[in-house]
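The values are calculated or read from the model by the stated rules, or taken from the named source; none is laboratory data. For clarity, every value in this text was computed on a predicted model and none was experimentally measured. Positions of Cβ are backbone-derived with ideal geometry, glycine not excepted, and every protein chain shown enters the neighbour counts. We work out accessible area using only protein heavy atoms, side chains counted, and drop any ligands, DNA or RNA first. Shrake-Rupley method; radii C 1.70, N 1.55, O 1.52, S 1.80 Å.
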Amino acid sequence: VLSGETHVIWALAAGGTLEDRPRYNKSRCFETFPFPAATPEQEGRIRDLAEQLDAHRKRQQAAHPALTLTGMYNVLAKIRAGEALTAKDKAMHAQGLVSVLQTLHDELDAAVLAAYGWSDLVVDLAAPPASPQREAAEEILLERLVALNAERQREEAAGNIRWLRPDFQNRDARNPGLYLPGGAYLCSNEATPGKASPATGSSETAIQPTSTKTEKHPWPTTLPDQMALLASLLNTAPQTEAQLTARITGKGPWKKRLPDLLQTLVALGRARREGERWAAI
């Protein structure tokens, strides 16, 4: 879904800028983005197209080591805008099979819009950039996404937290406090009696993070869970590396990797450094 034009349009409208370039900000672009309530069949269609898209790009880059994603997408942008291709562009078009890339993106965009129930916008959003037809469709799309965002907010206020990847976000009770898109936290080991989770039917509850300096968190085994744990800890309050390590338990050389993981969070726009402390964004 994030690879589709729907999210691109949302991110360009909701995000900021860095000099003259769009800047993707996690809290403004991702956490506020209302995902579609897709059926299992629609999920499968989107997943299959995304896998085809990823495989196509990797295959062409493996066959042509000098081929870059930036070059491929620059050519695709020119094709969509109806601009003439240079000799270099044509060579890159042939190496990257950019027409195939375009077809896969068009099919993915259509599948995502269908999951929202907005297939009426498919044709207009495929119009050339900056055309009146395209601009009108983008405005309609943004209005619908804003309305859906408000609907999701009302759902969360009522305790209905939509899950994107339940197995990843709450794999077991050893990873409490994982961040959920939409601004809520779910702590699997602090249940509200009688309140069932809409995802699992178990007694779980969405809660806001609180500062629990004495609570120890086991160091996860996988990189995504490690990043999620660090992000959730930083969301409680800015902390130094020493404060973070004091709240984590685990064997192995994980402490040596902590600075690199924190720098990765900074690069992803999820954290910033404030002197000796690290803070969430």
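Computed values, structure above
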read-out: Selection of GluC sites (Glu not before Pro), region 1-79, meeting DSSP coil and at most 11 other Cβ within 10 Å; value: Glu19
read-out: log₁₀ of I(q)/I(0) at q = 0.26, 0.31 Å⁻¹ - region 104-160, Debye sum with one point per alpha carbon; value: -1.02, -1.19
read-out: For region 43-119, accessible area per residue (1.4 Å probe, heavy atoms of protein chains only), Å²; value: 54
read-out: Mean separation of Cα contacts under 8 Å, 6 or more apart, over the residue count of region 1-112: relative contact order %; value: 31
read-out: Approximate shape of region 226-281 as ellipsoid semi-axes (Cα gyration tensor, √5λ), whole Å, largest first; value: 17, 12, 10
read-out: Region 1-74 - Rg (one decimal) and Dmax (whole number), Cα, Å; value: 15.2, 42
read-out: Label point distance in nm, Arg144-Ala81, each placed 7 Å from Cα along Cα→Cβ; value: 2.7
read-out: With eigenvalues of the C-alpha gyration tensor scaled by 5 and rooted, region 43-95, Å; value: 23, 15, 7
read-out: Computed lengthening from Ala136 to Lys255, 0.36 nm per intervening residue step minus Cα-Cα distance; value: 37.7 nm
read-out: Accessible surface of region 104-146, 1.4 Å probe, proportion on carbon and sulfur as whole %; value: 59
read-out: Across Lys26/Lys90; Lys26/Lys251; Lys216/Lys256, pairs whose alpha-carbon gap is larger than 27 Å; value: Lys26/Lys90; Lys26/Lys251
read-out: Paramagnetic label zone (point 7 Å from Cα along Cα-to-C-beta, Lys90; backbone N under 14 Å) in region 56-84; value: 84
read-out: Gain in span if fully extended, Asn160 to Thr17, counting 0.36 nm per residue against the direct Cα distance; value: 48.2 nm
read-out: Kirkwood Rh (inverse of mean 1/r, distinct Cα pairs), region 17-163, angstrom; value: 17.6
